[in-house]
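The values are calculated or read from the model by the stated rules, or taken from the named source; none is laboratory data. Everything quoted here is computed from the prediction, not taken from an experiment. Neighbour counts run over all protein chains shown; Cβ positions are idealised from the backbone, glycine included. Side chains are part of the model used for accessible areas, which takes the heavy atoms of the whole protein and leaves out ligands, DNA and RNA. Shrake-Rupley method; radii C 1.70, N 1.55, O 1.52, S 1.80 Å.
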Amino acid sequence: MLNWPTQRIQVSVAYADPLVAIGLSTVLSQQVDIDVVAADGRAAPGPHIVVADYERGLNLVASRSTGRERHAPAPKVLVVTANDREQEVRSALEAGVEGYLELGCNVQDLVSGVRQLARGSRYLSAMAAQRIAASMARSTLTEREQQVLGLVARGKSNKGVALALDISAGTVKAHMKAILSKLDAETRTEAASIAMERGLIGAAMLVS
């Protein structure tokens, strides 16, 4: 059951692409139990659910506890995105996103997702659930291993990695051994390819 003082679900759409935003709003406004409200949340008591793109969704869960009345529950966030890599899905859920759908999902998935979040449950598409299951079944790279592999993916040698991270070449070799084992890879190139595909080294690629 909803925890808000009305049984109708108040939903706002915060999507960067205006055409997608219009499509989402149109679909949701056609549902008998859903009202689409302003994205700025000024209408009391504010939206119960916010449907957002990936970046805005993560920003919302990071800041949704600020600037609201104490008696007003923070809205749940349902992300609809083309970001389908393992680490992207996992990062969103760990950040606090309650729902995750891929862009291009069918109408029923979108509506079901909104209703599930309104009931206090999470909602994951089959793709997102599969990514999380796969992630749980594998060993994760440490932050340092991600940094090492990110530099390797940029073409740096062990010596170059060691200089960039101010560690010894022997330590780099030890990290690479652990990385190859965790990713079940035979070579550095294969490890970098697997990590890129899973979204494991996006942030590490920025290491200078």
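Odds and ends about this structure:
- Residue count for region 13-27 under the criterion of being surrounded by 15 or more Cβ atoms within 10 Å (Cβ to Cβ), of a type in the set (Gly, Ala, Ser) and under 19 Å from the mean Cα position of the chain (by Cα): the result is 2.
- Within region 70-111, the set of residues being in contact (Cβ under 8 Å) with a residue 12 or more places away in the chain, aliphatic (A, V, I, L, M) and not in a strand (DSSP E or B) comprises Ala72, Ala82, Val89, Ala92, Leu93, Ala95, Val97, Leu103, Val107, Leu110, Val111.
- Summed over region 82-99, the residues that are open to solvent by less than 50 Å² (accessible area, probe 1.4 Å) and among the hydrophobic types (A, V, I, L, M, F, W, C) give a count of 4.
- Conditions (1) at pLDDT below 85; (2) assigned to a helix (DSSP H, G or I); (3) not polar (S, T, N, Q); number of the one not met by Ile201: (2)
- Filter result for Met176 (in a helix (DSSP H, G or I) and touching a strand residue (DSSP E or B) at 6+ places or on another chain (Cβ under 8 Å)): no
- For region 133-172, a tally of residues being β-branched (Val, Ile, Thr), in a helix (DSSP H, G or I) and open to solvent by 40 Å² or more (accessible area, probe 1.4 Å) returns 1.
- Any chance Ala192 is modelled with pLDDT of 85 or more and farther than 22 Å from Leu93 by Cα: yes
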